[in-house]
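Here is the structure we will look at.
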Amino acid sequence: MAEHPAYPVGLRLSGRRVVVLGGGQVAQRRLPALIAAGADIVLVSPEATPSVEAMADAGEITWVRRGYADGDLAEAWYALIATSDPAANTAASAEAERHRVWCVRSDDADQATAWTPATGHSEGVTVAVLTTHARGRDPRHTAAIRDAVVEGLRDGTLVAPHHRTRTPGVALVGGGPGDPDLITVRGRRLLAEADVVIADRLGPRDLLAELPPHVEVIDAAKIPYGRYMAQEAINNALVEHAKQGKAVVRLKGGDPYVFGRGMEEVQALAEAGIPCTVVPGISSSISVPGAAGIPVTHRGVAHEFTVVSGHVAPDDERSLVDWASLARLTGTLVVLMGVDKIGKIAETLVAHGRSPATPVALVQEGTTAAQRRVDATLATVAETVRAEDVRPPAVIVIGEVVRVGPAPVA
């Protein structure tokens, strides 16, 4: 049998008895997929890893706490044999053969009646890669092929046309802090499937160059505003293109709901009766400090962090921030959109009790090739920004966590 290729097939195990022999690392890796398949799983093993035991405690599997015994595979549709006892494995695979139960053996693929492929998933598609013959099986090779195919489907570099009618609508996608590798997998896939992309200046611009030629890319900063405010014009553009039956992606920097006005766009689409999918993004408020070697929290230093917008000064009547309360906190303060107001912000924090010696880091163009970090204190930050010509976009971190990591490279 080993000279013939395996015949690939997808097993539908929902509600059907599956027996797993052995509760070690192999079972720990394989059980989640069997649980997801809806199988009625019986684990036979005197011991189990903590993760496998947690599955039993949660009622996801039934655990029989003993070694294998003849008859354990009766009525089973599928068996995973993965004990540390070769004799038990051999006896179990012989029982599987007698009862015509498809079984996988972790210790000897040649003696199994089934092989487990390297599998991955992408939007309703399961990719399974199987070595043709047992001899010369290289799990790393099959896993690498699996990973390449799944990654291609997810990021859009491997495009399989949809032969079904797509529902027009808008995807509000958080593009992350700037590095194109930090957009979510789902966001990148939706971007690859778009007909129209309305992009922010702070979105991951490098991804736009990868789009097919037929995709219309609209710079949100250059939409003709006419008598509308900028946000109203963007809302109108989203509605207009979606009503034309196109798949529209609104690509925003960071996360759509962290100072991104994302909900305003969702509300405008809802009023127009247009479906909208929201894809969260990695917020620059935590990712940019991290990329610069600054943890926003650290044991014994900061037990909380607060993210505020600095687009209006503390003494501006439009400000909704309680700067006096923030000055009394001992944790980390992260300020977004505050480069041109940092002098007034620092002055206000000091006036309400924050030490002038409190360290401050400004991280410009975080996570991109142009990233740079400039350090100061509340007492010196206004002059430092001028002297170092710090420009937006920059994330400002205020607090003792600035000094936690390695010293910044000059």
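The values are calculated or read from the model by the stated rules, or taken from the named source; none is laboratory data. Just so it is clear, the structure is predicted and the values come from calculations on it, not from any experiment. Note that we place each Cβ from the backbone using ideal geometry, even for glycine, and neighbour counts take in every protein chain shown.
A few remarks follow.
- Residue count for the stretch 10-25 satisfying the condition of being in a helix (DSSP H, G or I) and buried (at least 20 other Cβ atoms within 10 Å of the Cβ): 0.
- Here Gly71 meets each of (1) under 16 Å from Val42 (Cβ atoms); (2) out of contact with any Gly (no Cβ under 9 Å at 6 or more places or on another chain); (3) not in a loop (DSSP other than H, G, I, E, B) with one exception, condition (3).
- Residues within the stretch 118-130 that are modelled with pLDDT under 75 and surrounded by 17 or more Cβ atoms within 10 Å (Cβ to Cβ), tallied: 1
- The single condition from (1) without any contact (Cβ under 8 Å) to a residue 60 or more places away in the chain; (2) surrounded by fewer than 20 Cβ atoms within 10 Å (Cβ to Cβ); (3) on the phi < 0 side of the Ramachandran plot that Ser84 fails is (1).
- Once the stretch 339-363 is narrowed to residues that are under 34 Å from the mean Cα position of the chain (by Cα) and crowded, with 23+ Cβ neighbours inside 10 Å, the residue that is nearest to Pro406 (Cα to Cα) is Ala361.
- Selection of the stretch 357-403 for residues being without any contact (Cβ under 8 Å) to a residue 60 or more places away in the chain and of a type in the set (S, T, N, Q) yields Thr358, Gln364, Thr377, Thr380, Thr384.
- Checked against the criteria, Ala220 counts as in contact with a strand residue (DSSP E or B) (Cβ under 7 Å, 6 or more places away or on another chain), surrounded by 15 or more Cβ atoms within 10 Å (Cβ to Cβ) and at pLDDT below 90.
- Residue in the stretch 253-263 that is farther than 19 Å from Ala230 by Cβ and either of a type in the set (Gly, Ala, Ser) or touching a strand residue (DSSP E or B) at 6+ places or on another chain (Cβ under 7 Å) (or both) present: yes
- Residue tally, condition in contact (Cβ under 8 Å) with a residue 40 or more places away in the chain and assigned to a helix (DSSP H, G or I), over the stretch 93-116: 1
- Qualifying residues in the stretch 277-317 (those that are assigned to a helix (DSSP H, G or I) and without any contact (Cβ under 8 Å) to a residue 60 or more places away in the chain) - the one nearest to Val402 (Cα to Cα): Gly290
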